[in-house]
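Visitor: I'd like to ask some things about the structure below.
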There are 2 protein chains.
Amino acid sequence: MPELKNINIGLMGLGTVGGGVYKLIERRQEEIEKKTGTHIQISKVLVRNLDKERPGVPASVLTDRWEDILEDDDIDIVVEVTGGIEPARTRIIQALNAGKNVVTANKDLIAEYGAELFETADNNGKDFLFEAAVAGGIPIIRPLKECLAGNEITEVMGIVNGTTNYILTRMSEDGMDFDEALAIAAELGYAEADPTADIEGYDAGRKVAIMASLAFHSHVTFADVDIEGITKLTAKDIKFAENFGKVIKLLGIAKNTDEGIEASVHPVLIDRNHPLASVRDAFNAVFVHGDAVDDAMFYGRGAGEFPTASAVTGDIIEAARNIASGCTGRISCAAYRDIPVKPADEVKDKYFLRIKAADRPGVMAGVTGVLGNNQISITQVVQTAAVDGEAEMVIMTDEVRRKHFNDALIILNEMSSVRKICSVIRVY
Amino acid sequence: MPELKNINIGLMGLGTVGGGVYKLIERRQEEIEKKTGTHIQISKVLVRNLDKERPGVPASVLTDRWEDILEDDDIDIVVEVTGGIEPARTRIIQALNAGKNVVTANKDLIAEYGAELFETADNNGKDFLFEAAVAGGIPIIRPLKECLAGNEITEVMGIVNGTTNYILTRMSEDGMDFDEALAIAAELGYAEADPTADIEGYDAGRKVAIMASLAFHSHVTFADVDIEGITKLTAKDIKFAENFGKVIKLLGIAKNTDEGIEASVHPVLIDRNHPLASVRDAFNAVFVHGDAVDDAMFYGRGAGEFPTASAVTGDIIEAARNIASGCTGRISCAAYRDIPVKPADEVKDKYFLRIKAADRPGVMAGVTGVLGNNQISITQVVQTAAVDGEAEMVIMTDEVRRKHFNDALIILNEMSSVRKICSVIRVY
């Protein structure tokens with residue numbers, strides 16, 4: 001048996017994910033030797049507070065100085081699980097330039113500075129791996145870069161935020177309102193103390209930017225993603241959706257169309273029979289459409305200590321194999337196309353529109369007339385029985401450019417017979 | 001820009017899959033250059049009949065002599081899509097020994113001779129890739145070998161045969177009987193002229209053997225898989241299952257338990273809410289359970305010209321990248337454990353049992369008494385109204401070792417009050 005190559009890891013961060021990675025690498029060390037022919041160990045861990053108790057982690061590996069990792073020539077792989085833009089960005093670039101491979105779970109960073117990081121990795125011939133940055137434990141980055149590399153991918157979309165999917169599941173299955181469901185999500189640890197990034201769709205938006213960049217080989221950043229969260233959704237919308245045979249999910253959608261890339265996060269009505277409709281609770285799932293593979297879907301846990309550590313450890317093993325074979329940097333993530341991102345106003349969608357209107361003759365004709373004048377075809381209309389002189393109208397439209405739809409909304413808003421535009425939700 | 005490395009492919013077989021691979025490689029050539037820095041071309045194609053018209057494939061690349069590929073030192077990758085054991089086995093070994101990398105879709109071969117092929121590849125430091133052999137276009141081999149490599153995988157299971165899933169979908173959704181659904185599947189091209197390998201579960205069994213070997217790093221062959229097909233299922237069973245909130249799917253299941261590996265293919269009742277329940281028509285889906293990732297699922301098209309070509313082309317791109325980086329053979333598939341396969345008699349399952357019995361007092365007590373005497377706990381019993389002095393009983397059991405269950409069946413069969421044991425189906 002050949003001698004095992006020693007591979008040392010510098011771990012940045014020992015929070016939930018970092019702790020999971022530490023434990024998993026310890027637990028799998030012997031197996032990893034058999035799989036990779038290398039002996040992997042976490043030789044240094046960068047933490048903020050050296051005085052804090054870290055059960056299971058020897059004090060000898062802890063440091064609060066980044067230089068202890070950066071300047072340690074025995075460290076082959078830096079694993080960054082601290083999150084946020086700085087100092088992560090500077091340190092990752094320093095690590096790559098110092099000839100280290102990097103594994104990260106940092107979606108904020110890649111969604112903004114991906115191009116710079118990919119280029120730095122390429123220039124240094126090092127691995128820069130980030131399976132954990134999108135959909136936690138679910139393999140999606142490697143399938144996009146490798147397994148499906150023979151495809152022209154035209155769409156990537158899915159449920160990429162577990163917190164909001166948990167909230168929507170409670171609203172849908174238990175008839176809860178948004179606030180109630182959010183409170184339960186917080187209680188169970190699915191929602192953070194400040195849930196903004198999740199419920200406003202920012203977290204999903206970052207993942208969409210990363211997936212779109214890789215799928216379309218073009219440069220898509222967080223700022224390119226058109227984002228709407230779930231805070232305005234009501235139990236009533238979900239009930240109405242059900243009556244149309246639909247469920248409401250927060251979908252991240254990236255499409256490569258003839259007129260450019262569309263990248264968005266929105267609540268969307270999807271068919272009850274669509275595989276994504278059965279993705280419940282905190283689970284994630286990503287759909288990929290390629291010209292050869294047709295539809296493929298990847299499902300699993302999008303967050304959590306061990307699911308995320310699973311993805312990080314898979315990347316560490318990949319880097320270790322590449323180090324052992326002398327072929328780090330073998331796959332580039334750099335964009336080789338330059339496809340424009342379509343202006344949001346030009347994007348076509350189908351819409352679900354719920355309106356409170358006066359209950360008098362001619363109102364329906366007025367509302368549908370405004371839609372017709374703005375090039376909006378209607379596929380279904382339901383009007384509920386009037387209460388206190390007000391009726392509720394639910395309208396499903398055909399595909400329409402957003403600017404035309406918004407023009408119609410402005411006019412509807414000004415009509416005296418229209419009391420309130422209660423909801424506007426996209427339909428997949 | 002560095003000069004592109006030329007990579008030549010020898011393609012064995014130009015049937016449905018081979019034709020798809022040829023077209024896809026042609027269509028993607030320029031993209032593949034950007035992704036891999038290599039210029040890939042199919043320089044020779046081995047066919048049986050040189051006289052047959054092959055639209056789109058120049059006659060100059062065709063040959064009916066295997067030696068023309070084997071002895072061509074310019075050929076770096078041999079792609080085998082002929083199927084069957086021989087001559088594929090001999091030729092793949094010859095190719096690997098001649099220093100070529102091999103990509104194949106041949107599940108029959110790997111399920112039987114995987115160990116030999118993996119070893120030959122390792123000895124030669126060459127890639128032996130077979131993503132297309134399991135679940136067609138769905139990435140599952142690479143996720144098991146790479147993305148989920150940090151996990152101790154304890155279970156892999158799923159719908160890995162599209163023909164039978166199509167038949168079961170028609171039986172379930174349209175109330176068809178097996179023969180009728182099979183006829184439609186044949187008409188649509190989902191079932192072959194001789195559908196035996198599909199409907200008897202052999203095809204699924206081969207995929208289970210391959211997945212179990214990779215997931216558990218042990219050697220599991222086709223002969224180790226306990227197999228039952230779907231030919232005995234009736235529309236009535238499916239109706240009864242529905243009444244219990246279940247659907248019937250043909251599942252391939254591989255588990256690594258404390259007492260050894262279980263590997264099987266059986267019709268199984270699964271919960272209507274299980275993600276696999278919504279896998280319809282000819283789609284496939286594979287569930288993986290790992291200690292870190294928890295549950296992950298991979299869904300898509302398990303067969304067909306382009307989905308399969310997608311997987312083969314992904315492997316070709318992988319081999320091309322490894323050739324360009326000088327690191328072929330970087331990941332071994334060889335088993336490093338030797339876990340025994342559990343005897344089928346020792347496997348524990350829950351069962352659904354449908355019996356026709358005489359409609360007289362004491363029969364139910366007799367039947368349930370036999371089960372109880374054989375260590376079988378009952379979780380649910382339904383008895384239908386009697387017709388012509390016969391009643392139908394449906395019993396759902398708790399987990400029981402197969403030998404105890406079979407002992408009970410023998411006794412039930414001999415009871416005069418039991419007219420017929422109509423169905424015995426496992427419950428997940």
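Visitor: Tally time: how many residues in segment B:47-89 are touching a residue at least 24 places away in the same chain (Cβ under 8 Å) and among the polar types (S, T, N, Q)?
Guide: Residues meeting the conditions: 1.
Visitor: Within 8 Å of another protein chain (Cβ to nearest Cβ), within 30 Å of residue A:125 (Cα to Cα) and among the charged types (D, E, K, R): does that describe residue A:321?
Guide: So residue A:321 fits the description; yes.
Visitor: Residue A:334 fails exactly one of the following numbered conditions: (1) more than 9 Å from chain B (Cβ to nearest Cβ); (2) within 25 Å of residue A:81 (Cβ to Cβ); (3) under 16 Å from the mean Cα position of the chain (by Cα). What is the number of that condition?
Guide: (3)
Visitor: Checking residue A:378 against (1) within 14 Å of chain B (Cβ to nearest Cβ); (2) in contact with a strand residue (DSSP E or B) (Cβ under 9 Å, 6 or more places away or on another chain), which single condition isn't satisfied?
Guide: The number of the failed condition is (1).
Visitor: Would segment B:59-81 turn up any residue that is under 20 Å from the mean Cα position of the chain (by Cα) and surrounded by 15 or more Cβ atoms within 10 Å (Cβ to Cβ)?
Guide: yes
Visitor: If you don't mind, there's one more thing I want to ask. Any chance segment B:298-307 includes a residue that's in contact (Cβ under 8 Å) with a residue 40 or more places away in the chain and farther than 30 Å from residue B:184 by Cβ?
Guide: Taking every residue of segment B:298-307 in turn, none turns out to be in contact (Cβ under 8 Å) with a residue 40 or more places away in the chain and farther than 30 Å from residue B:184 by Cβ.
Visitor: Please report, ordered by residue number, the helices (runs of 4 or more DSSP H) entirely within segment B:159-208 with at least 1 residues that are farther than 17 Å from residue B:16 by Cα and among the hydroxyl-bearing types (Ser, Thr, Tyr).
Guide: Qualifying helices (runs of 4 or more DSSP H): B:162-174, B:196-199.
Residue-wise test of (1) within 14 Å of chain A (Cβ to nearest Cβ); (2) among the hydrophobic types (A, V, I, L, M, F, W, C); (3) in contact with a His (Cβ under 6 Å, 6 or more places away or on another chain).
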position	(1), (2), (3)
B:8	no, no, no
B:22	yes, no, no
B:27	yes, no, no
B:41	no, no, no
B:45	no, yes, no
B:50	no, yes, no
B:54	no, no, no
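Visitor: Against the conditions (1) touching a Phe, Trp or Tyr at 6+ places or on another chain (Cβ under 9 Å); (2) of a type outside the set (Gly, Ala, Ser); (3) surrounded by fewer than 17 Cβ atoms within 10 Å (Cβ to Cβ), where does residue A:143 fall short? Just the number, please.
Guide: (3)
Visitor: Taking residue A:226, is it under 15 Å from the mean Cα position of the chain (by Cα) and charged (D, E, K, R)?
Guide: Yes: the conditions hold for residue A:226.
Visitor: Can you tell me how many residues in segment A:1-41 are closer than 14 Å to residue A:80 by Cβ, open to solvent by less than 20 Å² (accessible area, probe 1.4 Å) and either among the aliphatic types (A, V, I, L, M) or at pLDDT below 95 (or both)?
Guide: 4
Visitor: Does residue A:197 qualify as being under 12 Å from the mean Cα position of the chain (by Cα) and free of Cβ contacts under 8 Å to residues at least 60 places away in the same chain?
Guide: Taking the combined requirement at face value, the residue satisfies it.
Visitor: Quick check on segment A:357-371. Is at least one of its residues free of Cβ contacts under 8 Å to residues at least 24 places away in the same chain, small (Gly, Ala, Ser) and within 30 Å of residue A:8 (Cβ to Cβ)?
Guide: no
Visitor: Look at segment B:283-303 and say how many of its residues are out of contact with any strand residue (DSSP E or B) (no Cβ under 7 Å at 6 or more places or on another chain) and more than 8 Å from chain A (Cβ to nearest Cβ).
Guide: 1
Visitor: List pairs: first in segment A:105-119 and under 19 Å from residue A:315 (Cα atoms) and open to solvent by 10 Å² or more (accessible area, probe 1.4 Å), second of a type in the set (S, T, N, Q) and assigned to a helix (DSSP H, G or I), Cβ under 7 Å, 6+ apart or cross-chain?
Guide: These pairs meet every condition: A:105/A:308.
Visitor: Identify, from the list A:335, A:324, A:296, the residue that is farther than 28 Å from residue A:6 by Cβ, open to solvent by 10 Å² or more (accessible area, probe 1.4 Å) and not hydroxyl-bearing (Ser, Thr, Tyr).
Guide: Result: A:335 is the single residue among A:335, A:324, A:296 that is farther than 28 Å from residue A:6 by Cβ, open to solvent by 10 Å² or more (accessible area, probe 1.4 Å) and not hydroxyl-bearing (Ser, Thr, Tyr).
Visitor: Then there's this: Here are some residues: B:307, B:343. Which one is surrounded by fewer than 20 Cβ atoms within 10 Å (Cβ to Cβ) and either at the interface with another protein chain (Cβ under 7 Å from one of its Cβ atoms) or farther than 30 Å from residue B:34 by Cβ (or both)?
Guide: None of the other options fit; the residue is B:343.
Visitor: Next question. Kindly evaluate residue B:182 against the criterion of being within 13 Å of another protein chain (Cβ to nearest Cβ) and out of contact with any Phe, Trp or Tyr (no Cβ under 9 Å at 6 or more places or on another chain).
Guide: Considered against the rule, which asks whether it is within 13 Å of another protein chain (Cβ to nearest Cβ) and out of contact with any Phe, Trp or Tyr (no Cβ under 9 Å at 6 or more places or on another chain), residue B:182 comes out as no.
Visitor: Just the residues that are surrounded by 24 or more Cβ atoms within 10 Å (Cβ to Cβ) and in contact with a Phe, Trp or Tyr (Cβ under 8 Å, 6 or more places away or on another chain), please, taken from segment B:186-232.
Guide: Scanning segment B:186-232 gives B:205, B:206, B:209, B:210, B:230.
Visitor: Being small (Gly, Ala, Ser) and either more than 23 Å from the chain's Cα centre (by Cα) or assigned to a strand (DSSP E or B) (or both) is the requirement here; does residue B:95 meet it?
Guide: In short, yes.
The values are calculated or read from the model by the stated rules, or taken from the named source; none is laboratory data. It should be emphasised that the depicted structure is a prediction, and the values quoted were computed from it without experimental measurement. When we count neighbours, we look across all protein chains shown, and the Cβ atoms used for this are built from the backbone with ideal geometry, even at glycine. These area figures cover heavy atoms from the full protein model, side chains too; ligands, DNA and RNA do not enter into them. Shrake-Rupley method; radii C 1.70, N 1.55, O 1.52, S 1.80 Å.
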